[in-house]
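S.K.: Mind looking over this structure? Questions follow.
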Amino acid sequence: MAARTRLLDATSFFLTISVFMTQPIIPVYLYQVLGASEQEVGVIIALMSVTAALLRAPSSIWIKNEYILRVLIFGLCLNTFSLLGYGISWDPLIFSIFRTTHGAAIALNYTLMLSLSSMIARSDQVETSITSYTMFLAMGLWTGPALGTFLRSFVGLRALMFISSLIGLISILIGVFLMKKVHGFWTKICFSKIMRRDLSASLKMPALLPTLIYLCFSFLIGAVTAYAPLRAKLGFGLEDQLIILLFTMYYFIVFSMRVILLRIEFFRKRIGAVKLLYISLFSSGFGALLIGLGPRLEFFISGLCLASFAHGFIFPLTASMAAQMTPIHLRVLSNSVYLTAFDIGNLLGSVTVAVMLGFFSLPISLAAAAIPLFLGLIAVRKLSRVYVE
């Protein structure tokens, strides 16, 4: 694999560690340290998704392709600044400001890195490059919480926020090396001006089907990110370290599934991407029911495992499908639409649970996240008719 691809993977890895080292415990940080209510927690957590959803598509049109790497460096700096802001926040309102800023960083960083993973690869290695990128991203997803679990034994929640910002500095440094390494190759890529008709094409079927599937799944991610930690804390009395450890397990399973997807061709060739999507949505739907309604901790953990199994497959599969169905000069735009679907689903997941808490208990509100997952099976069925594996 090319050195430029490895540098991109490393940038993604350290960026993701910096974000997810604290992500599982942020609801508890808001609730216990900053004094936010249960409903405020869901709304504040969702602010990142609101900003990201509003900025992804406009920024993809505004950013000229030759400036993608420079904007990525800016986004990495913005991530570090936002994490530092979490640590210096003294009430939920100030935290909300930095959470909103962090959404802009997420919108830029993950859209551009996903796009670069296909744009800097040879045409016959696009699928491998995207899967490799998502694998390193998943490695960061579990390494971050694991590191957070270890550090939480020695430092407080506020100090954990500061440490995560320091790790964000590493991603900036590697990103600078990536920009220098890609520069010569970058000039060989032919770019075309994005026209209004290109935006329209990105929003039409069947290219939109992988995006719709990802939207349905991201509803669960929003609900689980905002309220599974509180469910573990209030429902089962788990300590902070154990909550972070549970999410370490979750993301380690995500990482393992992507390693399997990359290294074992059986899953792609014999089972097929479409069947894997069917299996993933079924397992995550059942997992959502266990996370919300499970009467004991074992059921809750089983639900997380089923959701993580699906998480490991759905992102790389749908991202690869979306890239293969899009011309190279439109991939930043296409990926912005694709990842905006994640932002919207993430937002709806956390906000819907927050609203339902006014009428139902937390277990029932969490279990409702299963509904969009089962509806996503309709989109998979339609995709099976048009996608050629």
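S.K.: Tell me which of these residue 115 doesn't satisfy, since it passes every other one: (1) within 18 Å of residue 20 (Cβ to Cβ); (2) crowded, with 21+ Cβ neighbours inside 10 Å.
M.R.: (1)
S.K.: What's the number of the condition residue 112 fails, among (1) closer than 23 Å to residue 322 by Cα; (2) modelled with pLDDT under 80; (3) assigned to a helix (DSSP H, G or I); (4) not small (Gly, Ala, Ser)?
M.R.: Unmet for residue 112, out of (1) closer than 23 Å to residue 322 by Cα; (2) modelled with pLDDT under 80; (3) assigned to a helix (DSSP H, G or I); (4) not small (Gly, Ala, Ser): (2).
S.K.: Further question on the same structure: Confirm whether residue 107 is within 19 Å of the chain's Cα centre (by Cα), assigned to a helix (DSSP H, G or I), farther than 27 Å from residue 180 by Cα and of a type in the set (A, V, I, L, M).
M.R.: Answer is no for this residue.
S.K.: List the number of the failed condition for residue 68; all other conditions in (1) modelled with pLDDT of 75 or more; (2) surrounded by fewer than 19 Cβ atoms within 10 Å (Cβ to Cβ); (3) at negative phi hold.
M.R.: Of the numbered conditions (1) modelled with pLDDT of 75 or more; (2) surrounded by fewer than 19 Cβ atoms within 10 Å (Cβ to Cβ); (3) at negative phi, the odd one out for residue 68 is (2).
S.K.: With the requirement that a residue be basic (Lys, Arg) and either in a helix (DSSP H, G or I) or touching a Cys at 6+ places or on another chain (Cβ under 8 Å) (or both), what does the stretch 268-310 give you?
M.R.: Correct list: 268, 269, 270, 275.
S.K.: With the structure loaded, tell me whether residue 49 is hydroxyl-bearing (Ser, Thr, Tyr) and either in a loop (DSSP other than H, G, I, E, B) or over 17 Å from residue 77 (Cα atoms) (or both) or whether it fails that test.
M.R.: Yes: the conditions hold for residue 49.
S.K.: If you check residue 278 against the conditions, is it more than 26 Å from residue 246 (Cβ to Cβ), aromatic (Phe, Trp, Tyr) and modelled with pLDDT of 85 or more?
M.R.: yes
S.K.: Shifting gears a bit: Just give me the residues in the stretch 21-43 being in contact with a Ser or Thr (Cβ under 8 Å, 6 or more places away or on another chain), of a type in the set (A, V, I, L, M, F, W, C) and either within 16 Å of residue 165 (Cα to Cα) or in a helix (DSSP H, G or I) (or both), in sequence order.
M.R.: The answer is 21, 43.
S.K.: Given the conditions (1) assigned to a helix (DSSP H, G or I); (2) of a type in the set (A, V, I, L, M, F, W, C); (3) at pLDDT 80 or above, report the number of the one that residue 262 does not fulfil.
M.R.: Among (1) assigned to a helix (DSSP H, G or I); (2) of a type in the set (A, V, I, L, M, F, W, C); (3) at pLDDT 80 or above, residue 262 violates only (3).
The values are calculated or read from the model by the stated rules, or taken from the named source; none is laboratory data. For clarity, every value in this text was computed on a predicted model and none was experimentally measured. Positions of Cβ are generated from backbone atoms using ideal geometry, with glycine treated the same way; all protein chains shown enter the neighbour counts.
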